[in-house]
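Trainee: Supplied in structure tokens, the structure appears directly below.
Computed from the coordinates by the stated procedures, all read-outs in this text should not be read as laboratory data. What you are looking at is a predicted structure, and each value in this text was computed from that prediction instead of being measured. Here the Cβ positions follow ideal geometry from the backbone for every residue, glycine too, while neighbour counts run over all protein chains shown.
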Amino acid sequence: MTDAYVVGVDMIKFGRFPDRTVPQIGAEAALLALDDCGLTIQHMEALYCGNLGQASGMVGQRILQLIGQTGIPVVNVSNACATGATAFREAWAAVKAGLYDCVLAVGVEQMGKGLLGGAGGATGIPKEGLLGSGTMPAVFAEAGMEHSRKYGTTFEQFAKVSVKNHHHSTLNPKAMYQIETPLEVVMNAEMISYPNTKLMCSVNVDGSAAAVICSEKKAKELGLMKRAVKVRASVLTSDPWQERDLVMPDVNSCTRLAAKKAYEMAGLGAEDIDLVELHDCFATAEILHYENLGLCKDGEAGMMIDTGAVALGGRIPVNVSGGLLSKGHPLGATGIANIYEVATHLRGEAGKRQVQGARIGMTHVIGLGSACGIHILEKA
Amino acid sequence: MSKKPLPVVDYLKIPDSGDPYLEGHKCGSCGAIFLGERNVCSKCGARDKMQAVKLASKGKLYSFSIVHRSFPGIEVPYISAVVDLEDGATLKGNLIGVEPDPAKIKFDMPVEVVFADALGRKDREGNSYLSYFFKAKA
């Protein structure tokens, strides 16, 4: 099988664009990614488009109606917060399989404001606040408190994740926010669902990101190897059975399974990874994934945030983009925006937030329900 | 409109005589316990091995969150609790009988499953509902 390379990748600055359509927002990233590698829509042999909010709305085709109707196959993908990563992976898989030599993956989302999560069924009475909470801040708070019960992780340690990621975002011009949030500000922000305060919840934003993936032969033929990024591993898992997963969506098992498979596929270990963009949908979630991804031993996640090991300049920088907490989390775009971030570091083009000497990076997303997508990328 | 309250979920059973209880479905092959009726076990894949079982009425607090912001019209704060029952089933619900203060809530604190009106919530037809709650033991 051929190797597959990201040859062009970009994202728009995340924000709120209520006056634009989903295809318009997606088209912008698609054109940016094409420009990044100097190719045109006529070079693309297929389009994989990730979007959640208009999952039945043929978003991929409507993007082509804006940037070039070449008649190529379009696959529209929806997989909760793993939507973008799934679209990217489908594009990668098609190239690996030899179906195509050059394809485009786009992730796009337009979000409302406010809480995400279970508002209850169509019949009977609302269950929210009666049978506990199905809101995302509460669900991820409960997952974080499970870590607290095992290892004594504190509210302050969870809050430090937010301090770190908001600090990182001050170095990322494409992040929604570039605002420092000291520890006392994070801890004293409005409590949404203990221990997650408002500043420990990801930002609902509109955004898009796109990537052009080529086979090795095509990348060489087009003279695009210089800035190419090799996909060393692409893994997607669903949630393996766990005893509490009827009431407690499990983001740990599917991540551990995906990480194990990704390291095997890449022939690498966690010690080989130079930076990670992981799914910090809530500050509590990030702590779990240090261990789930093998960045430290079980029980050491609190120490990782306390010692700065996961900050820019630390042993294994995590979410130097600002993460979902501050860069923003446009659900369908997030997976590909993570690819953009890691690829930009591997290319040495990340400016002030550059992870020095980065050679190999990892991206991780979780779609609750559940899906986990992990990619390992390496500078070609 | 029903004179009797309706169960808030299909796994809450209200017998004509006797106390309400929660019903699980236990896999005869691997022992996994599910909420709600089903034919196939998602742990081991066994078919037609499910047996209805009455779930335990006591358990321990496994995890929780104190919810301060919810959807419009939902009264806050409240404690969203994940409870492991004595028989191995896990349920989620509101924890009552303890202040919504992290200092007061202890992991593994014993709780009892109690049944009460669903906080006055009624459906469109005006039916009342019976719900379950976890009551912290004093």
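Trainee: Under the 0.36 nm per residue contour assumption, what length would be gained going from the current alpha-carbon distance of B:Ala52 and B:Asp123 to full extension?
Mentor: My answer for the length gained is 22.8 nm.
Trainee: A further question follows. For the stretch B:24-76, which trypsin sites (Lys or Arg not before Pro) pass both filters: DSSP loop (anything but H, G, I, E, B) and at most 14 other C-beta atoms within 10 Å?
Mentor: B:Arg38
Trainee: Using the structure shown, select from A:Lys260/A:Lys352; B:Lys26/B:Lys122; A:Lys198/B:Lys60; B:Lys13/B:Lys43; A:Lys198/B:Lys137; A:Lys160/B:Lys60 the pairs with a Cα to Cα distance greater than 27 angstrom. List each step's numbers first, then the result.
Mentor: Values: A:Lys260/A:Lys352 32 Å; B:Lys26/B:Lys122 31 Å; A:Lys198/B:Lys60 29 Å; B:Lys13/B:Lys43 25 Å; A:Lys198/B:Lys137 32 Å; A:Lys160/B:Lys60 30 Å.
A:Lys260/A:Lys352; B:Lys26/B:Lys122; A:Lys198/B:Lys60; A:Lys198/B:Lys137; A:Lys160/B:Lys60, as the Cα separations exceed 27 Å there.
Trainee: Mind listing the phi-derived Karplus ³J(HN,Hα) values for the stretch A:243-254, rounded to whole Hz, using 6.51, -1.76 and 1.60 with θ = phi - 60°, and x for any glycine or proline?
Mentor: 5, 9, 6, 5, 10, 9, x, 9, 9, 8, 4, 5
Trainee: What is the set of long-range amide H partners of B:Asp117 at a cut-off below 5 Å, with H atoms built 1.01 Å from backbone N?
Mentor: B:Ser131
Trainee: Might you report the magnitude of the Cβ-based charge dipole of chain A about its Cα centre, with Lys and Arg at +1 and Asp and Glu at -1, to the nearest 20 debye?
Mentor: 520 debye
Trainee: According to a simple spin-label model (label point 7 Å from Cα along Cα-to-Cβ), what is the distance in nm between A:Lys150 and B:Glu75?
Mentor: Rounded to a tenth, the inter-label distance reads 3.6 nm.
Trainee: Take the alpha carbon atoms of the stretch A:1-69, find their radius of gyration, then divide it by 2.2 N^0.38 Å using N residues; give the quotient.
Mentor: 1.17
Trainee: Express the relative contact order of chain A as a whole percentage, based on alpha carbon pairs under 8 Å and six or more residues apart in sequence.
Mentor: 26 percent
Trainee: For A:Lys164, go through the aspartates and glutamates and keep the ones whose alpha-carbon is under 17 Å away, minus same-chain ones fewer than eight residues off.
Mentor: A:Glu156, A:Glu180, A:Glu184, A:Glu277, A:Asp280, A:Glu286, A:Asp306, A:Glu341
Trainee: I need two numbers for the stretch B:1-83: Rg to one decimal and Dmax as a whole number, Cα atoms only, in Å.
Mentor: According to the Cα coordinates of the stretch B:1-83, Rg and Dmax are 16.4, 44 Å.
Trainee: Can you tell me the 0 to 90 degree angle between the C-alpha axis of helix A:155-169 and the longest principal axis of chain A, rounded to 10?
Mentor: Relative to chain A, helix A:155-169 is tipped by roughly 30 degrees.
Trainee: Suppose each label sits 7 Å from its Cα in the direction of the beta carbon; what would the A:Arg359-A:Met1 distance come out to in nanometres?
Mentor: 2.4 nm
Trainee: At what distance in nm do the modelled label points of A:Thr70 and A:Asn188 sit from each other, each positioned 7 Å from its Cα along Cα→Cβ?
Mentor: 5.6 nm
Trainee: In the stretch A:1-140, if every C-alpha pair distance is counted and binned at 10 Å from zero, what percent goes to each bin?
Mentor: 11, 36, 28, 15, 8, 1
Trainee: Separate question: Under 27 Å Cα to Cα from A:Lys217, which lysines show up? Leave out anything in the same chain fewer than 8 places away.
Mentor: A:Lys96, A:Lys226, A:Lys230, A:Lys261, A:Lys379
Trainee: Would you calculate, for chain A, the mean residue ellipticity at 222 nm contributed by helices, counting each DSSP H stretch of 4 or more residues as -39,500 (n - 2.57) and dividing by all residues, to the nearest 500? Write out the running numbers ahead of the final one.
Mentor: On the way: 12 runs with 134 residues, N = 380.
Rounded to the nearest 500, it is -10500 deg cm²/dmol.
Trainee: Sum up the charges of everything whose Cβ sits under 12 Å from the Cβ of A:Leu222, counting Lys and Arg as +1 and Asp and Glu as -1, but leave A:Leu222 out.
Mentor: +2
Trainee: Regarding the stretch B:6-136, what's the average projected area of the Cα-atom convex hull, expressed in nm²?
Mentor: Taking a quarter of the hull surface, the average projection is 9.4 nm².
Trainee: Using only the Cα atoms, what convex hull volume per residue in Å³ does chain A have?
Mentor: 131 Å³
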